[in-house]
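Colleague: Could you have a look at this structure, given as structure tokens, before my questions?
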Amino acid sequence: MNTINRRSFLKTTVMGGLATSFIGPLNTFASFDKQQQLSSSVAITSGDNRADLAFRALQPYSKQIRQAIGSRRVVLKPNMVSTEVPLCATHVDTLEGILEFLKSIKKLDNVIIAESAANAPTFEGFSNYGYLSLVNKYPVKMVDLDTEGSEVLYVFDEKDFRPHPVRFSKVILSPDSYVISVARMKTHNLAVVTLSLKNIIFGSPVKDIGFRLGKNSKEGTKSDKPVVHGSGPRGINYNLYALASRVHPHLAVIDGFEGMEGNGPRLGTPVNHRVCVVSTDWFAADRVGVELMGVDFAKVGYLNYCAQAGLGTADLSTIEIVGESISNHIKHYKLHDNIEEQLIWMKPSV
């Protein structure tokens with residue numbers, strides 16, 4: 001690392017030259033269906049019922065999803081950056097819409113709702129957001145990823161340009177898991193937006209039992225989540241890109257019924273958007289999500305890096321849109337107050 005200056009580091013690593021130094025052998029392109037990359041499709045629905053939006057958006061992919069699940073365990077991964085701010089978290093109705101869909105394709109026999117909440121014990125969020133009610137309606141289990149084992153991957157930190165170990169959930173990494181990212185459209189304070197990929201990557205690092213942000217944390221406990229943020233916009237964008245080949249959803253469900261703009265991912269304000277985005281290609285889903293949020297795609301570093309490395313295409317004309325059109329549902333989300341600071345990733349490091 002000492003032979004690479006700070007100016008050339010990101011340029012070199014973004015193209016994949018040093019990616020394996022941080023996260024091990026990733027089989028970067030092998031894990032993606034090349035045929036799917038050539039003809040990805042994204043479903044967009046709109047309406048006044050959150051659960052119905054998710055259900056209808058999933059229907060065009062019924063056969064494909066059923067075959068992909070096979071005998072694997074289905075993992076519904078909501079977004080729970082806080083256990084106390086409903087607007088920042090996946091809504092229970094979206095989860096119910098997905099469960100109804102899984103019931104319709106007869107894939108409800110091995111389903112878990114799994115998360116590692118960022119700021120407090122995960123089951124506090126499950127309770128606060130009404131997720132536990134789903135156990136009474138469906139044969140689904142609630143799982144705290146912090147208790148299910150981990151595997152160490154390495155990430156980059158922009159302060160010291162060195163790899164740092166992070167414990168990632170074995171449930172998410174397991175080849176026996178079919179991972180569904182149930183994200184919410186939100187702005188972010190370091191990565192511009194939160195969509196399906198970011199929901200998986202930042203929910204996968206685990207924390208010690210008893211950890212919570214603030215004074216009430218059990219002594220000696222820690223969370224590995226901050227490490228993945230890489231100490232700034234350059235670090236977080238690089239890590240999201242570098243981890244994408246190994247830690248990504250098999251199915252993206254992005255709830256835009258009520259999005260969050262401004263100072264996300266926790267302190268933003270609501271956007272009455274009334275849309276849902278679904279795709280078996282997470283990159284295509286996120287690309288469409290960015291467009292629906294009225295955000296300039298060029299500002300989203302990690303997705304640009306992924307496109308440069310061939311993990312998806314930024315060209316909307318190559319993505320088949322099923323259902324509603326993008327142009328009829330664009331809302332221009334206000335970005336975080338610190339957006340200019342975030343965009344430092346676009347400039348050379350000195």
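The values are calculated or read from the model by the stated rules, or taken from the named source; none is laboratory data. It should be emphasised that the depicted structure is a prediction, and the values quoted were computed from it without experimental measurement. Neighbour counts run over all protein chains shown; Cβ positions are idealised from the backbone, glycine included.
Colleague: Based on what the data block shows, is Asn189 crowded, with 16+ Cβ neighbours inside 10 Å, within 19 Å of the chain's Cα centre (by Cα), modelled with pLDDT under 95 and within 22 Å of Pro233 (Cβ to Cβ)?
Modeller: no
Colleague: From the residues in the stretch 294-313 that are aliphatic (A, V, I, L, M) and not in a loop (DSSP other than H, G, I, E, B), which one is farthest from Ser41 (Cα to Cα)?
Modeller: Ala298
Colleague: Another question, then. Based on what the data block shows, is Asn49 modelled with pLDDT under 50, surrounded by fewer than 16 Cβ atoms within 10 Å (Cβ to Cβ) and not charged (D, E, K, R)?
Modeller: No, not satisfied.
Colleague: Continuing with this model, one more query. Could we say that Ala284 is at pLDDT 95 or above, closer than 30 Å to Ser62 by Cβ and touching a helix residue (DSSP H, G or I) at 6+ places or on another chain (Cβ under 6 Å) here?
Modeller: Spelling it out, it is not the case that Ala284 is at pLDDT 95 or above, closer than 30 Å to Ser62 by Cβ and touching a helix residue (DSSP H, G or I) at 6+ places or on another chain (Cβ under 6 Å).
Colleague: In the stretch 314-350, which residue that is under 21 Å from the mean Cα position of the chain (by Cα) and in a helix (DSSP H, G or I) is surrounded by the most Cβ atoms within 10 Å (Cβ to Cβ)?
Modeller: Trp345
Colleague: Considering every residue within the stretch 75-87, establish whether at least one is part of a helix (DSSP H, G or I) and farther than 25 Å from Phe202 by Cα.
Modeller: Within the stretch 75-87, not a single residue is part of a helix (DSSP H, G or I) and farther than 25 Å from Phe202 by Cα.
Colleague: Filter the helices (runs of 4 or more DSSP H) completely within the stretch 196-272 down to those with at least 1 residues that are of a type in the set (S, T, N, Q).
Modeller: Of the helices (runs of 4 or more DSSP H) lying wholly inside the stretch 196-272, those with at least 1 residues that are of a type in the set (S, T, N, Q) span 196-203, 233-243.
Colleague: Run down Leu95, Leu108 and say which single residue is surrounded by 24 or more Cβ atoms within 10 Å (Cβ to Cβ), modelled with pLDDT of 95 or more and not small (Gly, Ala, Ser).
Modeller: The match here is Leu95.
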